[in-house]
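The values are calculated or read from the model by the stated rules, or taken from the named source; none is laboratory data. It should be emphasised that the depicted structure is a prediction, and the values quoted were computed from it without experimental measurement. Quick reminder, even Gly has a Cβ in these numbers, built from the backbone with ideal geometry, and neighbours come from all protein chains shown.
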Amino acid sequence: MERPLSPFMFPTWYRFQLTSVLSILHRLTGIALAVGSILLAWWLVAVAAGGDVFAATHAFITSPIGVLLLFGWSAAFFYHLCSGIRHLAWDAGYGFEIRDAYRTGYAVLTATGVLTALTWLYVLLA
Amino acid sequence: MANSRSLSNSTALRDESVLRRVRHLGSARDGLQEWRLQRWTALALIPLGLYFAASILRLATSDQVTAAAWLASPVGALLVILFVLAALAHALVGLRSVLVDYVHTRALLVAAELLVRGATVILAGASVLAVLKLFLGR
């Protein structure tokens, strides 16, 4: 009999849990940020190169896709940052109770939303 | 045993000959350094990342002269180089732990790890060179 493996059970077999979703999101945003470092290196090289290379990069970043990527990068970054601080607290031995895990989980989501919104407000107004 | 090398650091031949390793029992006896590196870089990335995110989101869409001026300033250049190095070291540990979890073929795992390591080194080198060029050429 084909048995589903544990992490992949939750869309069909497990009830939705905030805790497991946040854990998976931490990984996914980590991978996304690692991929994003390619764009970061490209941008740094483009600034150093100047001329046509920078013009092409600039056109890409200011295009709708570029702005969407930038927004995605900021949301992923703030999520991974807040969630990472939650992980560091666990490493230090705090917040293992289920009630605490839910509270800090909601706090991470709220902080991510607030930080992302504040940053873009600052970017758009500055 | 305090000064001897850990089991998994000895030769591959010896590794294979130990029955409990062949059967994949017990811990790998190393990995603490990597675990620590991930935590130290995580701590460093809290202030570095906040500084970087605030700067890059403002400057990413700016013109070349403004961006170059930021990377040519001593504080900007230093913090960007530190951010890139800490972020890539942190990413390397994280990506390797993802690979170890999901790639179950030894040859594929080694190939994927090499690819990730190589890409990380190239990205780090390119980023640092770019910032140094702007910093030294100002």
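Yes or no, residue by residue, for (1) more than 23 Å from A:Gly72 (Cα to Cα); (2) touching a residue at least 24 places away in the same chain (Cβ under 8 Å); (3) within 11 Å of another protein chain (Cβ to nearest Cβ); (4) out of contact with any strand residue (DSSP E or B) (no Cβ under 9 Å at 6 or more places or on another chain):
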| residue | (1), (2), (3), (4) |
| --- | --- |
| B:Leu57 | no, no, yes, yes |
| B:Ala67 | no, no, yes, yes |
| B:His90 | no, yes, yes, yes |
| B:Ser97 | yes, no, yes, yes |
| B:Val103 | yes, no, no, yes |
| B:Leu108 | yes, no, no, yes |
| B:Ala119 | no, no, yes, yes |
| B:Val131 | yes, yes, yes, yes |
| B:Phe135 | yes, yes, yes, yes |
Candidates B:Arg39, B:Arg58, B:Arg20, filtered to the one that is modelled with pLDDT of 60 or more and in contact with a Gly (Cβ under 7 Å, 6 or more places away or on another chain): B:Arg20
The one condition in (1) more than 18 Å from the chain's Cα centre (by Cα); (2) within 24 Å of A:Tyr122 (Cα to Cα) that B:Leu108 fails to fulfil: (2)
Filter result (of a type outside the set (A, V, I, L, M) and more than 8 Å from chain B (Cβ to nearest Cβ)) within segment A:33-65: A:Gly36, A:Trp42, A:Gly51, A:Asp52, A:Thr57, A:Phe60, A:Ser63, A:Pro64
